[in-house]
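The next block holds one structure in the form of structure tokens; read it before the comments.
The values are calculated or read from the model by the stated rules, or taken from the named source; none is laboratory data. Because the structure is predicted, anything quoted here is derived from the model rather than measured. A quick note on method: Cβ atoms are made from the backbone with ideal geometry, for glycine too, and the neighbour counts reach across all protein chains shown.
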Amino acid sequence: MVRFGVVGCGGIGTEHIKRIMNTLSGGTIVALNDINEEHAQSLIKEMGLNAKFYADGHELVHADDVDAVLVTCWGPAHKEYVLDAVKLGKYVFCEKPLATTADDCLEIVDAEMKQGKHLVQVGFMRRFDAGYVALKQAIDNGEIGAPLMLHAAHRNPVVDDRYSTDMAINDTMIHEIDVLHWLLDDEYVSAQVVYPRKTKYAADHLADPQIVMVETKKGVRIDVEIFVNCKYGYDIKCEVVGEDGIAYLPEPATVQVRKEAALRRPILMDWKERFVKAYDTEIQAFINNINNGTKLTGPSSWDGYAAALTADVCVKAQQKPGEILPITLKECPEFYK
């Protein structure tokens, strides 16, 4: 039984606590930390948790009865708790980002390699989505031949006024950044951003939509449309064009209805509904790996670094529309291959 301590009990933290206690097997919650003690204490009471509240997140990480740390607090605080846990030899499941800079991610990478054991899994849940897994199998099995191009879209119905242009990369496309290079088993070498005509629904300070174009080492050209005020729904698209055919990311399973001279199929509006099973699967895999003593199979600290550095370049490319900027990753250590 993996005993979890949770640092950050906001929206995603609360969702993970509930799935560990109510949906998944092999784990339990023994400690909570949050800047809002009242909220954390209410979770303990409402869910009947046999858990202790810690006002200091580092005290939670050091607690003897905490086997693994779930880091779901504010992004800029991720590094300090992940690094603390790794130096203690404890497992960490960290929601994205692993850290807010590529250099900070590399510091975690170095600390993990010194432990000689894979301890960190980053919460890029799309690798555990059944549709993406099936798409990767089709590519790996050579069903469409060598990939030549990839077209993707990440559309949200609406965002609030706090959403900024750079968040289209760091909060939205970051998932494509991780999952697409995993799909292709390839690495990025350059990025470019162009801006189509702006939607009337975007706030004055926000460039929406955006198109990010990246190239991989193998020469695959990728374009990702980011459109966060599309209005009609939450829609994730991925089309891989190969030498012998085209493979598509499956649509979410919804009921098709024929009515009033029309064929209708509902479109999801909430991202949590779209990937709820992937969230379950990624954390269950993390728990199983720990309980079985096997190597972690989810996105690693190195994947967190690769995503952070790529995102940094894409944000710079936003500021230089049309200019192609190089993406230069460090050589991946054998430890992560």
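List of remarks:
- For the residues 103, 161, 129, the requirement of being farther than 20 Å from residue 177 by Cβ and either in contact with a Phe, Trp or Tyr (Cβ under 6 Å, 6 or more places away or on another chain) or not β-branched (Val, Ile, Thr) (or both) singles out 161.
- Residue check, residue 337 modelled with pLDDT under 95, of a type outside the set (Asp, Glu) and closer than 16 Å to residue 125 by Cβ: no
- Scanning the range 138-169 for residues that are without any contact (Cβ under 8 Å) to a residue 60 or more places away in the chain and closer than 25 Å to residue 320 by Cβ, we see that the one that is surrounded by the most Cβ atoms within 10 Å (Cβ to Cβ) is 167.
- Within the range 19-32, residues that are touching a residue at least 60 places away in the same chain (Cβ under 8 Å) and assigned by TED's automatic domain parsing to the domain that holds residue 6 sit with their Cβ atoms under 6 Å from residues that are in a strand (DSSP E or B) and among the aromatic types (Phe, Trp, Tyr), at 6+ positions apart or across chains, in these pairs: 27/4.
- Single match in 164, 190 (criterion: polar (S, T, N, Q) and either on the phi > 0 side of the Ramachandran plot or touching a His at 6+ places or on another chain (Cβ under 7 Å) (or both)): 164
- Top-ranked residue in the range 177-199 [being of a type in the set (Val, Ile, Thr) and within 20 Å of the chain's Cα centre (by Cα); ranked as surrounded by the most Cβ atoms within 10 Å (Cβ to Cβ)]: 177
- Meets criteria (under 28 Å from residue 265 (Cβ atoms) and either buried (at least 21 other Cβ atoms within 10 Å of the Cβ) or among the basic types (Lys, Arg) (or both)) for residue 202: no
- Among residues of the range 195-217, those that are without any contact (Cβ under 8 Å) to a residue 40 or more places away in the chain, assigned to a loop (DSSP other than H, G, I, E, B) and in contact with a helix residue (DSSP H, G or I) (Cβ under 9 Å, 6 or more places away or on another chain), counted: 1
- Residues that are of a type outside the set (S, T, N, Q), surrounded by 20 or more Cβ atoms within 10 Å (Cβ to Cβ) and in contact (Cβ under 8 Å) with a residue 60 or more places away in the chain within the range 69-81 comprise 69, 70, 71, 73, 81, listed in sequence order.
- Applying the condition of being of a type in the set (Phe, Trp, Tyr) and surrounded by 11 or more Cβ atoms within 10 Å (Cβ to Cβ) to the range 230-258 and asking which residue is farthest from residue 136 (Cα to Cα) yields 234.
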